[in-house]
Amino acid sequence: METIYVPIPELRVGKVISEDIFANTQYPIIFKNTIISYDHLHVFFAFNISRVPVYKDGRENQSETIETELVVPPEVIPTFKRVYDNSVEQFKKEFKNWEAGAKVDIAKARKIILPLLEMVLEDRTIIFDLNEYSNPKDYLYHHCVATALISAVIAQKLGYDKGITIQVAIGGLLADCGMAKVHPRIRDKKTTLTEQEFDEIYKHPIYSYHMVKDLTILKDTMKEAIFQHHERLNGSGYPKGEKIANISTFAQIIAVADVFHAMTCERVYRTKQSSFKVIEMINESEFGKFDIKVVRALIDIVADLPIGTIVELSNLEHGEVMFVNKFAPTRPLIKLSHSGEIFDLSKNRTFYISRIITNL
């Protein structure tokens, strides 16, 4: 049958892909003879695919009623929070399947994260709100989805191309899949873990690696990153206690994203903290554990505050960003709203930015 190339806005549901579709990947992202559905739209947009090969004649003609609708973006775009909540629920279902012994389905993992990824890469400030969406009860599922998105934003900031950025996001999403093999009694324990219980938790990167090692679409470098995402450059991490020369940059990206989200979220045993305070803690108190260029990339993302941004300080006062010091980007000059006083956070380290005030 003859192949024609159809622009995405003109693509109809029911058309049949006539060739494997690649996007800087070793294996196809969509296989030949796939029947197009609305779900494929997100995949095409995520990979910046402008047109696709379909059969000119064939099975699609047998279902003309299906073809009457164009595969175009919906007029009402779902809010990020709605898409995010749905993705977390879908991930939770997959996690429960893994607990029951099911294998990781990479296609489902991609479907969970790609719609969110496109939104976050368009607007990085979304990651500031991820800790607001989480809750202690379902923290683990929120954490996996959020780590994926933060990892992708860091990868993008570091200059990696779209294909690698998507791979990093999937790596971040699946980094803690091995927690499904840790007994819930240990995983969900609200009191201090015993040494034996900590040992079991420390094995989860090994479990994660074994769950993803045979996934052909996931790059080997990402599988290694999943295994190493709790390693630290000074040798204080786990499971092997590797040091700087043996730890991949991708592992460090997922590690920084993992720690950043964990420290900003409310947990059973800890209240949530400001993104600005956490990034300072990672940069200062955790110095030597993380690749400085990865940390700097996250600092640049978090502290990318345009002049005029309205913020709330840790003393609950509101103010407007007047000047950002490149040597202390998380501590700009703030003009306080109630008094007009200019407040220099770089000199007043008792206070910090607690959140950005938005209209969302």
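The values are calculated or read from the model by the stated rules, or taken from the named source; none is laboratory data. Every value quoted in this text rests on a predicted model; they were computed, and no experiment measured them. Positions of Cβ are generated from backbone atoms using ideal geometry, with glycine treated the same way; all protein chains shown enter the neighbour counts. Surface accessibility is based on the protein's heavy atoms, side chains included, excluding ligands, DNA and RNA. Shrake-Rupley method; radii C 1.70, N 1.55, O 1.52, S 1.80 Å.
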Residues that are of a type outside the set (D, E, K, R), over 17 Å from ASP300 (Cβ atoms) and in a strand (DSSP E or B), drawn from region 346-355: SER354
Residue in region 167-201 that is surrounded by the fewest Cβ atoms within 10 Å (Cβ to Cβ), counting only those that are β-branched (Val, Ile, Thr) and within 27 Å of ARG110 (Cβ to Cβ): VAL182
Subset of region 137-164 [open to solvent by 50 Å² or more (accessible area, probe 1.4 Å) and either of a type outside the set (A, V, I, L, M) or more than 20 Å from ALA303 (Cβ to Cβ) (or both)]: LYS137, GLN156, LYS157, GLY159, TYR160, ASP161, LYS162
Scope region 245-260; condition of a type in the set (A, V, I, L, M) and either in contact with a His (Cβ under 8 Å, 6 or more places away or on another chain) or within 10 Å of VAL294 (Cα to Cα) (or both); matching residues: ALA251, ILE253, ILE254, ALA255, VAL256, ALA257
Residue identified as at pLDDT 90 or above and of a type in the set (A, V, I, L, M, F, W, C) among ILE106, ILE49: ILE106
Subset tally (residues that are under 30 Å from the mean Cα position of the chain (by Cα) and part of a loop (DSSP other than H, G, I, E, B)) for region 312-345: 12
Enumeration of residues in region 15-46 that are open to solvent by less than 40 Å² (accessible area, probe 1.4 Å), part of a loop (DSSP other than H, G, I, E, B) and at pLDDT 80 or above: LYS15, SER18, THR34, ILE36
Long-range neighbours under 6 Å by Cβ, at least six apart or interchain, first residue within 29 Å of LYS162 (Cβ to Cβ) within region 49-63, second exposed (fewer than 14 other Cβ atoms within 10 Å of the Cβ) and modelled with pLDDT under 80: TYR55/MET1
